[in-house]
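Quick notes on the structure that follows.
The values are calculated or read from the model by the stated rules, or taken from the named source; none is laboratory data. Remember, it's a predicted structure, so these values are computed and weren't measured experimentally. Cβ coordinates were reconstructed from backbone atoms using ideal geometry, including for glycine residues, and neighbour counts include every protein chain displayed. Side chains are part of the model used for accessible areas, which takes the heavy atoms of the whole protein and leaves out ligands, DNA and RNA. Shrake-Rupley method; radii C 1.70, N 1.55, O 1.52, S 1.80 Å.
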Amino acid sequence: MYRLIACDLDETLLDKQRHVSPKTREVIKEAEAQGLVFAPATGRGFYSIKQTLSELAADDKAQHYMIGFNGGVVVENQGPTIIKDFPLAYDVLAQLFEFGSKYEVAIHLYTFEQTYVYHSNPDEDAYLTTIPHEKRLDDDIDFLKDQTCYKALFQNLDRHYLEQIETDLPADLKTALEISYSSNRYIEFNPKGVNKGVALQTLADYLEIPMEETIAIGDNTNDLAMIQAAELGVAVANAVPAVKAAAQHTTTADHENSAVAEVIETFIL
């Protein structure tokens, strides 16, 4: 019996318009009535997924949870209340920002409440219309010394360019960082050892649910750790090859066709 699902959002639960399909909403509601805990697990923060939480009837609700910033925070939605967090040290963040500013990338830096953006571009601006609480940065990020940051990312539409940036990273940064990719446009950075898999374990322990009763669903490499950690790792049909290779099951449907509903109907209901 599976009691906890950690589910990626973009390109997994959400369609291209970033909505949860009516079918998936209905199926999740039915499973929750039977005791399932359904927790979004995203690279984004709590405030940028409020629309999704509303669609799941989980916004500001007790005993509903989310994993944010690729595992940087584990949150109970009511409040919201941070159950556990894994901050990114400012000295690492500053070094990463200085390094990234030399490349043709948009840079995002994340506190719990805010997304800060440096050197954006028209394509990224279009995306950011969906992200509330977003501010623009100049070259000085000293003000973040007194704030808690959880994640950074670089954006470029050329995945190979991002992979070259990873190759170019100084050795000390590589040692300090957990590196993953999402949406084939972002290279993402968390503190070493922080990922969605660790966050899934943290949430399962908090809820006193054995890992043998967990499912993880995802599509890209920032989902790999939780797919490997869960008892049942599921790749949606549109997942990248590495995720499909790591998963025990791949859906027939893609994210545009209620893939998550397929998982719940197959393994829960």
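Here are the numbers for this structure:
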quantity: Qualifying positions in the range 74-128 - in a loop (DSSP other than H, G, I, E, B), among the small types (Gly, Ala, Ser) and either within 17 Å of Asn190 (Cβ to Cβ) or within 19 Å of the chain's Cα centre (by Cα) (or both); calculated: Ala89
quantity: Failed item, numbered, when Leu13 is tested on (1) surrounded by fewer than 22 Cβ atoms within 10 Å (Cβ to Cβ); (2) within 28 Å of Arg185 (Cβ to Cβ); calculated: (1)
quantity: Selection count, the range 1-10, where residues are open to solvent by less than 30 Å² (accessible area, probe 1.4 Å) and either over 15 Å from Ile217 (Cβ atoms) or not in a helix (DSSP H, G or I) (or both); calculated: 5
quantity: Helices (runs of 4 or more DSSP H) completely within the range 185-269 that count 1 or more residues being more than 16 Å from the chain's Cα centre (by Cα) and modelled with pLDDT of 95 or more; calculated: 196-207, 241-246, 259-267
quantity: Pair list, Cβ under 9 Å, 6 or more apart: the range 164-185 residue within 16 Å of Asp8 (Cα to Cα), other residue among the small types (Gly, Ala, Ser); calculated: Ser180/Gly43; Ser180/Ala225; Ser182/Gly43; Ser183/Gly43
quantity: Breaking point among (1) within 24 Å of Glu212 (Cα to Cα); (2) in contact (Cβ under 8 Å) with a residue 24 or more places away in the chain; (3) surrounded by fewer than 24 Cβ atoms within 10 Å (Cβ to Cβ), for Ile67; calculated: (3)
quantity: Residue match in the range 115-128 (condition: buried (at least 16 other Cβ atoms within 10 Å of the Cβ), among the β-branched types (Val, Ile, Thr) and at pLDDT below 95); calculated: yes
quantity: Hits in the range 241-267 (condition: within 24 Å of Gly35 (Cβ to Cβ), in contact (Cβ under 8 Å) with a residue 24 or more places away in the chain and surrounded by fewer than 20 Cβ atoms within 10 Å (Cβ to Cβ)); calculated: Glu265, Phe267
quantity: Options Asp138, Asp85; residue that is open to solvent by 60 Å² or more (accessible area, probe 1.4 Å), in contact with a Phe, Trp or Tyr (Cβ under 9 Å, 6 or more places away or on another chain) and among the charged types (D, E, K, R); calculated: Asp138
quantity: Exclusive hit being more than 21 Å from Tyr110 (Cα to Cα) and in contact (Cβ under 8 Å) with a residue 12 or more places away in the chain, set Gly197, Gly218, Gly193; calculated: Gly218
quantity: Residues of the range 174-184 classified as out of contact with any helix residue (DSSP H, G or I) (no Cβ under 6 Å at 6 or more places or on another chain) and part of a helix (DSSP H, G or I), total; calculated: 2
quantity: Qualifying residues in the range 61-73 (those that are in contact with a Lys or Arg (Cβ under 7 Å, 6 or more places away or on another chain) and assigned to a strand (DSSP E or B)) - the one farthest from Arg3 (Cα to Cα); calculated: Gly68
quantity: Exclusive hit being open to solvent by less than 60 Å² (accessible area, probe 1.4 Å) and either at pLDDT 95 or above or on the phi > 0 side of the Ramachandran plot (or both), set Ala58, Ala33; calculated: Ala58
quantity: Checklist (1) under 18 Å from Tyr206 (Cα atoms); (2) loosely packed, with under 15 Cβ neighbours inside 10 Å; (3) touching a Lys or Arg at 6+ places or on another chain (Cβ under 9 Å) applied to Gly79, failing item; calculated: (3)
quantity: Residue in the range 221-240 that is touching a Phe, Trp or Tyr at 6+ places or on another chain (Cβ under 8 Å), more than 29 Å from Tyr161 (Cα to Cα) and in contact (Cβ under 8 Å) with a residue 40 or more places away in the chain present; calculated: yes
quantity: Residues being surrounded by fewer than 20 Cβ atoms within 10 Å (Cβ to Cβ) and touching an Asp or Glu at 6+ places or on another chain (Cβ under 8 Å) - total across the range 217-233; calculated: 1
